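Following: one structure in structure tokens, then a few remarks.
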Amino acid sequence: MYHARFRGTHYEAGFRWGSQLLKRQNIILKNIPFKITRERMAYAALCLPVYERYYPEITQEIRGIADGQKCDVSILEAVLFGMYVMPPVCNCSCFALNTGREILLGRNSDFPPELEKLNLNVIYDLTNGAYSFTGNTTAFVEIEDGVNEYGLAAGLTSVYPRQYKIGFNAGMLLRYLLEKCKNVSEAISRLRMLPVASAQTLILADTSGEIALVECDSSGMETATSMTGSCPFVCATNRFHLPKMAGHNSEGIDDWFARTRFKTMISAFQNNEDIGLPFAQRLLSGDYGFLCQYDRAAGKDTVWSVIYDLKRHEIYRSEANPRRAGFKVDTRFHF
């Protein structure tokens, strides 16, 4: 996992990163694991006005990267705007809990291991109005889990969409929330105002103890604050489970054992009384059932795991499968 820190305006941060990569002869467009088709180009062109209206800073960062890389910005937009949409990648597991003593958000990122050297841990400390945050991603610009300076933590899982529209994809949604929102309530309010393109779940938690599951796609959105009455928790893999969204699932796809992983988390929460940081680490490491025990030779693995401890203001991360690597505290970002 690479570690990067971004400062200045969005454009300056993007330009500096793109330039540094170019100096090392690291060409972003040579590392894209899918084809840039005419369909992707056309879709990105339709999405661009949406981002320019709701999130113009992100378009400036992408332009900065393109200028630093000396490449066509429209191709980078095609790469980024179509992610989670065409086609989506259906993996990852995420949960949040609030026991009163503990407020935690945990997430496993499951991804093809041949791409794991491109994974990024980032710290953004930008000057043009964005909240500072740290996060992790399998891409660039977009964020898949993170926490910001106010203690809002978020993690996503993608869902295979039955349809998609013009709008924000999952990684852009999550980054937008980290840059713009201080707590869960504010994040949900913002989500209701944004045009959504892809299908995804978002797990949210903040330092006040508020937690939420958001299931949303281009045609609907539903939220929940707990899944049982025993211990307030929410969890998600790569399917919708809330009543209004369950009919939006697609069948017959490879979702990396999404049902099994979901059952593992539900069972672990329902059958354990000592719910805290050690429990969260064991759960993500597969000690309560299948969650990260992929056959790596089959091209699947958990490539990082993270826990945001919102009571202690600490971050624990495994930069590989946690079953093999364990967790280490990261003290570089303060919230």
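Every number here is computed from the coordinates shown, using simple stated rules; none is lab data. Source: prediction; values computed, not measured. With ideal geometry, Cβ positions are generated from the backbone for all residues, glycine too; neighbour counts draw on all protein chains shown.
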Segment 127-132 - phi-based ³J(HN,Hα) in whole Hz, Karplus 6.51/-1.76/1.60, Gly and Pro as x: 9, 9, x, 7, 5, 5
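Which order do the peptides 255-266, 292-303, 173-184 come out in when sorted by mean C-beta neighbours inside 10 angstrom, highest first?
Numbers: 255-266: 19.3, 292-303: 17.1, 173-184: 22.7.
Averaged packing, sorted descending, gives the order 173-184, 255-266, 292-303.
Could you tell me the relative contact order of segment 8-81? Use alpha-carbon pairs under 8 Å, at least six residues apart, and round to a whole percent. Walk me through the numbers before you get to the answer.
On the way: 89 pairs, mean separation 39.5, N = 74.
Value for segment 8-81: 53 percent.
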Length released on extending from Ser219 to Ile253, taking residue separation times 0.36 nm less the Cα-Cα span: 10.2 nm
Label point 7 Å beyond Cα of Lys182 along Cβ direction - residues of segment 134-173 with amide nitrogen under 13 Å: 149-152
Over the chain: helical MRE at 222 nm, DSSP H runs n ≥ 4 each giving -39500 (n - 2.57), nearest 500: -9000 deg cm²/dmol
Met41 versus Tyr150: modelled label distance in nm, points set 7 Å from Cα along the beta carbon direction: 4.1 nm
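Which FRET efficiency value, to the nearest 0.05, is calculated for Ser74 and Asp330 with the Förster distance at 45 angstrom and r the Cβ-Cβ distance? If you can, show how the numbers build up before the last one.
Details: r = 36 Å, r/R0 = 0.79.
Between Ser74 and Asp330 the formula returns 0.80.
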Residue-by-residue Karplus 3J(HN,Hα) for segment 28-36, coefficients 6.51, -1.76, 1.60, Hz, glycine and proline x: 4, 5, 8, 10, 7, x, 8, 7, 8
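Can you compute the equivalent ellipsoid semi-axes for the chain, i.e. the square root of 5 times each eigenvalue of the Cα gyration tensor, sorted largest first and rounded to whole Å? Write down the numbers at each step before the final one.
Numbers: eigenvalues 169, 91, 81 Å².
Equivalent ellipsoid semi-axes, largest first: 29, 21, 20 Å.
I'd like the trypsin sites (Lys or Arg not before Pro) in segment 63-109 restricted to DSSP loop residues with at most 16 other Cβ atoms within 10 Å, sorted by number.
Values: sites: Arg63, Lys70, Arg101, Arg107; in loops: Lys70, Arg101.
For trypsin sites (Lys or Arg not before Pro) across segment 63-109 that sit outside H, G, I, E and B with at most 16 neighbouring Cβ atoms in 10 Å, the list reads Lys70, Arg101.
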Computed over the chain: relative contact order in percent, which uses C-alpha pairs under 8 Å that are six or more apart: 18 percent
3J(HN,Hα) from dihedral phi, segment 297-314, Karplus parametrisation 6.51/-1.76/1.60, rounded to Hz, x for glycine, proline: 5, 8, x, 9, 6, 7, 9, 7, 9, 9, 10, 9, 9, 8, 7, 8, 6, 10
Rounded FRET efficiency, nearest 0.05, which uses the C-beta distance separating Glu52 from Ser189 and R0 of 22 Å: 0.50
